[in-house]
Amino acid sequence: MTQAAAFTSLPPGSIIGIMGGGQLGRMLSLAASHLGLDCHIYCPHAGGPAARVSRYETVAEYEDLDAIAAFAQRCDVVTYEFENVPAQTAAKAAEYAPLAPGARALHVAQDRLVEKSFIQDEAGVDVVGFADITTPKQAALAGERFGYPNIIKTRRFGYDGKGQIKVERAKDMRAAFNSMNGAPLILEAFAPFTREVSIVAARGRDGTFAAYPLIENVHRNHILHTSTVPASDDDGRAAQIAQRIMDGLDYVGVMATEFFQMQDGSLLVNEIAPRVHNSGHLTQDAGCIDQFEQHIRAVAGWPLGSTAPKHGVVMTNLIGDDAASWEMLAAQPDMRLHLYGKIEMREGRKMGHVNMIGKAL
Ligand code: AMP
């Protein structure tokens, strides 16, 4: 039986389990509460951003499979807010409750080599050139093939620019390779993109698909700085690509697809995130159903909501002590302030975001 056939929509009062306790879990839980659904957060640290707005909390390690089983037994569906949920943990949860997005999406998104191979070979979508490199010799050969500069990345656990090095010249390759301390690696061609864009889209249990308009993203120090919707020159291609990938994964929930757009207009997929995504935060104040409610709707088997913004929005992340200006930000007209309730302000830490409301569409 397919997952769709086995699943009936969850009525209000049902419990959504969320693995992960950060700001994405917090905003998912707040959105679920609008629909009369309760959330149960599973996180190794007590009292985090998500747990503080949720009905239930389990504090245990992801490797504690007994705790995962007990948690999933109390949930009507289990989802996650980060892609590094260990495979065994996801499999254990799926024994006791439907898991959405499914284990395949996690498996693909956790490893840059598996991810790029799937996107290119199975979904038939263009990605930046890449090679599996397990020895300095292979790294040198891949460097010759893709030219310089290029980028070495750890296959797993990289985010916000962590676990990657730009290699400028062939003579720097060996040192760059060795500095990754034996972690499994890929080498990527450097994409001289003109801009970075993303598609945030949902796929329901019955295969229905709904994408928000193209979003343009600007990074600073490898961390997302601003996202703007609608991006200029959206000809619908990016959403079609996202749909092909999501169909290929038989995906249920919200997923983000990040692209490099090149000088000639072509789109190369950089990566996918099998979850709600920072570039989708602007949907909260766009006058349509936001990405958090959309994800909850999808995993709970509800009809998907409208993804058509009523006005433009620019989202800016509040990183580290940016959030100290909360009082000034709260006083701005047309600006919506979202703070994550993180107690400790640290450099580079995402503390909140603001959505500046723009022109009517
Ligand atoms: P990632 O962690 O792969 O999303 O990379 C973070 C950021 O680094 C991206 O959003 C780009 O700005 C930049 N970047 C990553 N990979 C490449 C690449 N192959 N070519 C050019 N820039 C890249």
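The values are calculated or read from the model by the stated rules, or taken from the named source; none is laboratory data. All values reported here derive from a predicted model rather than from experimental measurement. Please note: Cβ atoms are built from the backbone with ideal geometry, for glycine as well, and neighbour counts cover all protein chains shown. What goes into the accessible areas is simple: the full protein's heavy atoms, side chains included, and nothing from ligands, DNA or RNA. Shrake-Rupley method; radii C 1.70, N 1.55, O 1.52, S 1.80 Å.
Relative to the longest principal axis of the Cα atoms of the chain, the long axis of helix 87-96 makes an angle of roughly 20 degrees.
A Cβ-based charge dipole, computed about the Cα centre of the chain with Lys and Arg at +1 and Asp and Glu at -1, lands at about 360 debye. Would you please classify the overall shape of region 89-242 from the alpha carbon gyration tensor, given that a ≥ b ≥ c denote the square roots of the eigenvalues, rounded means a/c under 1.5, and beyond that prolate means a/b larger than b/c while oblate covers the rest? Oblate, because a/c is 1.5 or more while a/b does not exceed b/c. Distant-in-sequence amide contacts of ILE18, defined by a placed amide H-H separation under 5 Å and a gap of 5 or more residues or a different chain, comprise HIS40, ILE41, TYR42, THR79. Overall, region 152-266 carries a charge dipole of about 640 debye about its Cα centre when +1 sits on the Cβ of Lys and Arg and -1 on the Cβ of Asp and Glu, all other atoms neutral. For the chain, the 222 nm mean residue ellipticity estimated from helices alone, with every DSSP H stretch of n ≥ 4 adding -39500 (n - 2.57) and the total spread over all residues, rounds to -7000 deg cm²/dmol. Semi-axes of the equivalent ellipsoid of region 254-361 are 25, 19, 17 Å, computed as sqrt(5λ) over the eigenvalues of the C-alpha gyration tensor in descending order. Using the Cβ-Cβ distance between SER33 and ARG145 with R0 set to 35 Å, the FRET efficiency works out to roughly 0.10. Relative to the dominant Cα principal axis of the chain, helix 136-146 is inclined by about 90°.
Residue by residue, region 330-347 carries 3J(HN,Hα) couplings of 5, 8, 6, x, 6, 10, 10, 9, 10, 10, 9, x, 7, 6, 9, 8, 10, 4 Hz when phi is fed to the Karplus relation 6.51 cos²θ - 1.76 cosθ + 1.60 (θ = phi - 60°); x denotes Gly or Pro.
Given a 1.4 angstrom probe, what's the average accessible area per residue across the chain, in square angstrom? Show your work: numbers first, answer last.
Details: 15730 Å² over 361 residues.
For the chain, the solvent-accessible area averages 44 Å² per residue.
3J(HN,Hα) couplings calculated from phi for region 272-287 with the Karplus curve 6.51 cos²θ - 1.76 cosθ + 1.60 (θ = phi - 60°) are, in sequence order, 10, 10, x, 5, 4, 9, 3, 6, x, 4, 5, 5, 4, 10, 9, x Hz; Gly and Pro show x. Shown in residue order for region 180-195 are the 3J(HN,Hα) couplings computed by the Karplus curve 6.51 cos²θ - 1.76 cosθ + 1.60 at θ = phi - 60°: 8, 6, x, 5, x, 10, 10, 10, 10, 4, 7, 9, x, 6, 8, 7 Hz (x for Gly and Pro). Remark: the Cα gyration tensor places region 80-166 in the prolate category, a/c being 1.5 or greater and a/b exceeding b/c.
Report, in degrees rounded to the nearest 10, the 0 to 90 angle that the Cα long axis of helix 237-248 makes with the longest principal axis of the chain. Tilt of helix 237-248: around 70 degrees. Taking the square roots of five times each eigenvalue of the Cα gyration tensor of the chain, the equivalent ellipsoid has semi-axes of 31, 25, 21 Å, listed largest first.
Could you tell me the relative contact order of region 15-109? Use alpha-carbon pairs under 8 Å, at least six residues apart, and round to a whole percent.
Computed value for region 15-109: 29 percent relative contact order.
With the simple spin-label model, which puts each label point 7 Å out from Cα in the Cβ direction, the GLN332 to SER306 separation comes to 2.6 nm. Enclosing the Cα atoms of region 21-79 in their convex hull gives a volume equal to 70 cubic angstrom per residue.
If you wrap region 129-189's Cα atoms in a convex hull and average its projection over all directions, what's the area in nm²?
Here the figure is 3.5 nm², rounded to one decimal.
Using a probe radius of 1.4 angstrom, the carbon and sulfur fraction of the accessible surface of the chain is 51%.
Normalised by the number of residues in the chain, the average gap of Cα pairs under 8 Å and 6 or more apart makes the relative contact order 14 percent.
For the options ALA105, ALA70, ALA90, a Gaussian network treatment of the chain with springs between C-alpha atoms closer than 10 Å singles out ALA70 as fluctuating the most.
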